[in-house]
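The next block holds one structure in the form of structure tokens; read it before the comments.
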Amino acid sequence: MASALDLVLQNPVIWRGNDCARVAVPSVPSGFAELDAWLPGGGWPAGALTELYVERPGIGELQLVMPAVARLTQAERWITLVAPPYLPYAPALAVHGVELSRLLLVQTPAAAERLWACEQALRASSCGAVMAWLNQVDERALKRLQLAAETSGALVLLFRSARGIPASPAALRLHVSRSESRTVVRILKRRGATVAKPLGIK
């Protein structure tokens, strides 16, 4: 016979600390089953801030997000890229299924203007995701981005250098590196229990 505690724990609104947290806004599948299995909601959290700390640019960080970006553009949502370190290579994006007509590129050297561009993009109801390369950003600005993400329901993906990993209000924080022919992802923070082992993704 089930105890009163068992009945409470069976309620879907109850979250146990050793599990992934439930999400209010449906996540966007990453396209990698092994990664989705460890992410709350089974994908990139919508309406939340995600930080990807990269060992060096070009080691597979964009491949991690391309399936989700393609899915969003195919659903006629806009993707805004803010200050990428290199000009995105359109043919490669198209091969991944990204609708190029749904991409907006913003280039500005000033950190304040980058943050402004992110916030403005998130105000658009058709925004699917903001991808921004921001290394110099303080916690207050990150909290503003987190609030903007919650209001918009879009993905906010910040690519940052792994040389320094400061405190952050981001809901999801990943460390991305490369080992042999695999992209290695360590989950530094998620809504739920910590994940000790790194994930190898081809």
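The values are calculated or read from the model by the stated rules, or taken from the named source; none is laboratory data. Every value quoted in this text rests on a predicted model; they were computed, and no experiment measured them. Every residue, glycine as well, gets a Cβ built from its backbone with ideal geometry; the counts of neighbours run over all protein chains shown. Surface areas here come from the heavy atoms of the whole protein model, side chains and all, with no ligands, DNA or RNA. Shrake-Rupley method; radii C 1.70, N 1.55, O 1.52, S 1.80 Å.
Considered as a group, the residues in the stretch 23-35 that are without any contact (Cβ under 8 Å) to a residue 40 or more places away in the chain and more than 12 Å from the chain's Cα centre (by Cα) include one that is farthest from residue 154 (Cα to Cα), and that residue is 33. On inspection, residue 167 does not qualify as open to solvent by 30 Å² or more (accessible area, probe 1.4 Å), part of a loop (DSSP other than H, G, I, E, B) and at pLDDT 90 or above.
The residue that is modelled with the highest pLDDT, among those in the stretch 15-44 that are over 24 Å from residue 79 (Cβ atoms) and open to solvent by less than 60 Å² (accessible area, probe 1.4 Å), is 17. Which number in (1) open to solvent by 40 Å² or more (accessible area, probe 1.4 Å); (2) farther than 21 Å from residue 142 by Cα; (3) not in a loop (DSSP other than H, G, I, E, B) marks the one condition that residue 112 misses? In the conditions (1) open to solvent by 40 Å² or more (accessible area, probe 1.4 Å); (2) farther than 21 Å from residue 142 by Cα; (3) not in a loop (DSSP other than H, G, I, E, B), residue 112 misses (2) alone. Taken as a whole, the condition of being touching a residue at least 12 places away in the same chain (Cβ under 8 Å) and within 12 Å of the chain's Cα centre (by Cα) does not apply to residue 62. Of the residues making up the stretch 152-185, those that are of a type in the set (Val, Ile, Thr) and in contact (Cβ under 8 Å) with a residue 60 or more places away in the chain are 156, 165, 176, 183, 185.
Checked against (1) of a type in the set (Ser, Thr, Tyr); (2) surrounded by fewer than 19 Cβ atoms within 10 Å (Cβ to Cβ); (3) modelled with pLDDT of 90 or more, residue 179 passes all but a single condition, namely (3). If only residues of the stretch 45-58 that are of a type in the set (A, V, I, L, M, F, W, C) and open to solvent by less than 10 Å² (accessible area, probe 1.4 Å) are counted, the one that is nearest to residue 136 (Cα to Cα) is 52. In the stretch 185-195, is there at least one residue being polar (S, T, N, Q) and in a loop (DSSP other than H, G, I, E, B)? Within the stretch 185-195, one or more residues are polar (S, T, N, Q) and in a loop (DSSP other than H, G, I, E, B). Number of residues in the stretch 115-161 that are open to solvent by less than 60 Å² (accessible area, probe 1.4 Å), outside any strand (DSSP E or B), of a type in the set (D, E, K, R) and out of contact with any Lys or Arg (no Cβ under 9 Å at 6 or more places or on another chain): the value is 0. Scanning the stretch 182-191 for residues that are touching a Pro at 6+ places or on another chain (Cβ under 9 Å) and either within 18 Å of residue 114 (Cβ to Cβ) or surrounded by 19 or more Cβ atoms within 10 Å (Cβ to Cβ) (or both) yields 185, 187, 190. Do we find a residue being basic (Lys, Arg) and in contact (Cβ under 8 Å) with a residue 24 or more places away in the chain anywhere in the stretch 138-148? Checking the stretch 138-148: at least one residue is basic (Lys, Arg) and in contact (Cβ under 8 Å) with a residue 24 or more places away in the chain. If the condition is being at pLDDT below 95 and assigned to a loop (DSSP other than H, G, I, E, B), then the stretch 54-82 contributes 55, 56, 57, 58, 59, 60.
Annotation: of all residues in the stretch 145-168 being of a type outside the set (A, V, I, L, M, F, W, C) and touching an Asp or Glu at 6+ places or on another chain (Cβ under 7 Å), the one that is nearest to residue 58 (Cα to Cα) is 160.
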